[in-house]
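To keep things clear, I will list the structure first and then write my remarks on it.
Every number here is computed from the coordinates shown, using simple stated rules; none is lab data. Quantities reported herein were computed from a predicted structural model and do not represent experimental measurements. Don't worry about glycine lacking a Cβ; one is built from the backbone with ideal geometry, like all the others, and counts go over all protein chains shown.
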Amino acid sequence: RRTPTMTPRITTTVLLCILVSLVHATTPYADRHQPLTSMEPWRFVDGTRESLWKGSSSDSQTDVDVESKTEIPPPFSFEIRPTHTRPSPTEIECEDLVTVTVTTTGSVSPNETHWLASYSPALADVTKTAPTKFALLTTDAKYLETGKARLTFRLTCMRHDYDFVVFTNDWVVRQKWRQDFTPTAVAVGRSQSVTLVNARGPRAPRVVLTRTSAMHNFNFFKDGDVSHEGTADTAHDTARADGGDSRHNLAVAWSSGRNGSANPRLKWWVVRGGEGKEGEDSQREIRDYATANNTGLDETGQDLIRSRKKHLGLVHTARAVTETYARRDLCGSPANASGFRDPGWTHVAAFRDPPLGGVVQYELVDDLGGVYPAAGKERLTLFVPWALASDGPAGPAVRKLTEWASPTGLADSRVATRGKETRSSEIPTSSVSSTQKQAKYPFTIAVFGDMGRGTDDSSTTWQEYGAAAIDVSGLLTAHLDGTDEKLRFSAAVLIGDLSYAVGYQSVWDEFCEQITPWASQVPLLTQFGNHEADSTDTQWGWVEGKNTRNGNGTVSSSLGGNNPLRMEDSPTKNPEMHRDRYLVGDSGGECGVPASLRFPTPGTETGGWYAATLGPLRVLSINTERDFSFGSAQFAFIETTLLSVDRQTTPWLIVTGHRPGLVDSSFGEGGGFFSNGDGNTEASGADYSDVGVALDIQNVLWPLFVTHGVDLVLGGHNHAYQRHCAFRGGGWNASRRETYFGDEGCSSFSKKDGDDVSVYKTPNAPVSLVVGTAGGGFTKHDRGAGFTEVVTYRFGYLSLSATSETELRGAFYVTGDADEKGDEFRIERRQNLNKPEPEQGSADHGLGTSLGLTPRRAGASAATS
C-alpha cells in the first residue's frame, strides 16, 4: 500500500514529467533525441514485418492499428541513384555517393520524428543489428511541406547489399506527455536492396610495419620467378615461404569479403630507386654485374643485385596472410551483439626489401578477379623511408646487451628485471638494416591521436564520434599529394583511439576507407587507446575463461545472459590479448581484437608495445592501457629499448603513448577515479583520471625517459593540443597530486626567436606534447598549469621534422588552410651524442646496472644531464 512518504515522490515525478513534456513541445526533435543512437536496437519495433500488417501481431510494445492493414499501401516509396553518371542508374560502386529519395504516400503524413537508416547486409533484423548510418528526413528542409526528402549517403563496401529503413519514434508520439525514459523506434518503411559492384573484392589498403618474426608467415616469389607486368600470374604455383628474409618489415594490410582460398596477394614494382634512378638499368647490366660477382658475394653485393633488378620495374608478388574474427572472439556488448556484422577478412602481405628512399607502385589482387585499384585507375604509390626497421624477437643489439643468446636466438632464455622474468621475445633490437643509406635530412613524420570517423554526406555514422576526422584526413592527403615538399611526411603515427568504433564493426570499415588516401602511401604506426582495448573485469574474465560456470556448463557473459561461446572455442586465430589497467569498458566489448587484426604493428604479439626506426628517429611506442609498473614485461621492454638505442644511427629518440605522462587537465585534480569492478563495492582497476595516469607514468617511466635522453614524449587521450616545458619531474615515485600543476618539474622552457618560433635550447629533459586533435570533440579541461606553454583547441596534426642531428622542428598544422600552423617550435642541441655519466645519486632500476651499461643523455654533458 502507499505510505505517506511515497506521495511527495510520486507528485514530484508527475510534475517533472509534465515540465519535460512542455519543454519537448518547444524543442526541435533533433535536439531532444541527440543522439538517436541512445536507442538500443533491441528496443526497436519492426513495423515492416508482414505479421504486423496482417493483424496477427501479439507484440505489446506498439499501439499500431493492425485492422485491415493488408489493403493499405506502403507508407513510403524509395528511389536510390548514384549522384554522378554511371553506365546504368542501378550500377553503384563502393564509396559511391547516392541520393536516396524518400516520399510519403497517402497513408502517412510527414513529421519531424521520421528518420532514415542504412543497413548492410540488406534485410538485417532491425531489432538485433544496429544501422550503419542514419539521417533525419527533416535534413531536407522541404520534407515537412512536400513529404519528399532527398538525402545523400556514401556507401562504404561492407561486402554485402544495402537497404534503407524509415523509422519513427514510437514512445513520444503515442504517449504524448510522457518523458522519453525508454526511447523506442518503429520501422515503418523499407527500400529495395542495393547491390554494390565488386563489394567483396580487395579494399582499404593501409601500409604497416610488422614484427620481424611475423615476416616468416609471408610468402614471396623467388627472384627468378618475378614476372613482367602483363604476363601470366603464377603466384600460387611458384610462391614459397622463404623464412621471411626481409629486413624492413614493411607490409600492406587490406580488407575483403574473401578468405585465403581466393589467394589474395600483393603485386608491386619499383618506379624510383633509392638513388633516384628511374628504372632504366638494362638486363645486360644485371647479367654483367652478376657474372663478375658470382662467387663470394657479400651482403652488399647481394643488395646491389636486388636493387638493379628492382630498377627494371619488374613485378614482385607476395601472398597474404589472411585472418578474421567472429562474434565469439569479442568480449562484450555491443561488439558481440547489435554492433556485430560480418567483418570480412584482413589480409597482410609484405614488401620484400623495397628500395629504401625509393618509390614503389602496387596493387591488390586475388584469383576471383578482385583488383584494387580497379582497372583503368591509377595504381597505388608507396614512398619508402630511407631508413626503416622495427623491433624483433632478438636482434644483435640484444645479444650484445645480455650475452645470454642461445643457438635458437634467445628462444628459451629469460632476462631478470626487478624480480620478474621477462621473455626475451619481448626485448627489442635497435639494429637498422644493413642497407640503410646515409642520413638524409629533413625527415618528417605526422603524429596525431583520437581520430574517429567523419562523413561528407547527409548522414551520421551510427555511434559516430570524431566528425572532424574527415577534415584531418583531407589535410594529411593534401600534404602528401601536394607539390610543396616541406609539407610531405614519410610516416604517420596514430597514438591511440583510432576509429571510435566502440563495438560497432561497420565503423571500422568506414574508418579504413576514410584513411586510405594517405595511409596507402606511407607507413602507418598505430597503438592502443582506451577505446580499442579497455574492457570491464567481467569481460576480461570471460576472455580468460575464469568466470564461474553455471550449472548448465555455460559462462555468464557481460550481456547479462548465458553465452556458451568462450575464447578457446573460436575457430579463428585471435591476437594475443592482455587485461588493461583500468577496467572501465571503453572499447564497447572489443577487447582490442578488431584493432589488432586490422592494424598489425610490431607489438601485436607482445601486448601492444614496440619500437621502430623511421629515418633518423627511434620511436618507442608504449601501451598506456596495459601494465607498465616496475617488474612488468612492458617496463622491461621500455628500459631495454632505451638502453639499446644507437644515437649515432638514430640521433632523435621519441616516446609515444595514448595517455599522456604530462597533461594540463582538471580531470583527477581532486582525487582518483576508479572502476567499481562491474558493480563490486571495491575498485578493481587503476586510477583512470588524466592526473592519476600522468602521475603513474611520471613515477615509473619518466625517470627512464630523462636518464636515457628521450627528446620528445607525445600523448593523446585529452582532446586538445598542448605543448609543455622540457619536463624532468622529481624522480622515482616523487610526483604528487598536491604539486602536480606547478612548474617545479620543469627543466627549462622555450624562448621565442625572431620568427616567432618557440625554441628549446639544449634541453636536458624530454619536451612533452599532447596531440589529441585528429577528430574527437574537444575536452577543454585545462586549468593553466605551470608546466604548460601552449594550449589550443583546433583540429589538425603535428609535423615533426628532423632537419639535422642537432635540430628537430615541430609544426601543428590545423584544418581549414592547408599550410596554416597553430603552433611552431624547434629543439636545438649540441652534436655531442656520447653517453654522459649518470648524475650522482640517480637511481637505475633494472637492466642498466646489472649489465654494466651506462644510460645516455644525447646532446647534454654529464653536468647538465
Residue-span extension gain [residue 105 to residue 91] - 0.36 nm each, minus C-alpha spacing: 2.4 nm
Rough spin-label spacing in nm, given labels placed 7 Å along Cα→Cβ, for residue 743 and residue 84: 5.3
Lys, Arg +1 and Asp, Glu -1 on Cβ, resulting dipole of segment 326-389 about Cα centre, debye, nearest 20: 200
Per-residue ³J(HN,Hα) for segment 341-347, Karplus 6.51 cos²θ - 1.76 cosθ + 1.60, θ = phi - 60°, Hz, x for Gly and Pro: 8, 3, x, x, 10, 9, 10
Cα→Cβ-extended label distance, 7 Å offset, between residue 734 and residue 379, nm: 5.7
Net +/- balance of residues flanking residue 362 in space, Cβ distance below 9 Å, scoring K and R +1, D and E -1: +1
Karplus (6.51, -1.76, 1.60) ³J(HN,Hα), θ = phi - 60°, over segment 711-723, in Hz, Gly and Pro reported as x: 8, 9, 10, 10, x, x, 6, 7, 7, 6, 9, 10, 10
Residue 669 paired with residue 161, simple spin-label distance in nm, labels 7 Å along Cα-to-beta-carbon: 5.7
Cross-link pairs 142/780; 128/780; 133/377; 486/751; 133/821 - those with Cα-Cα distance over 31 Å: 142/780; 128/780; 133/821
Euclidean distance of C-alpha centroids, segment 119-160 and segment 751-817, integer Å: 40
Segments 764-775, 640-651 sorted - mean Cβ within 10 Å per residue, highest first: 764-775, 640-651
Rounded to whole Hz, the Karplus (6.51, -1.76, 1.60) HN-Hα couplings of segment 138-150, x for glycine and proline: 6, 4, 7, 4, 8, 4, 5, 8, 9, x, 10, 10, 10
Highest-first arrangement of 516-529, 461-474, where packing means the average Cβ count within 10 Å: 516-529, 461-474
Gyration tensor verdict on segment 673-832 (Cα atoms; rounded if a/c is under 1.5, prolate if a/b is larger than b/c, oblate otherwise): oblate
Extended-chain gain in nm, criterion 0.36 nm per residue less alpha-carbon gap, residue 152 and residue 43: 36.6 nm
Shape call, segment 687-728: gyration tensor on alpha carbons, a/c limit 1.5: oblate
Residues residue 761 and residue 649, FRET efficiency given R0 of 25 Å [Cβ-Cβ distance, rounded to 0.05]: 0.50
Most to least packed among 727-740, 581-594 [average Cβ atoms within 10 Å]: 581-594, 727-740
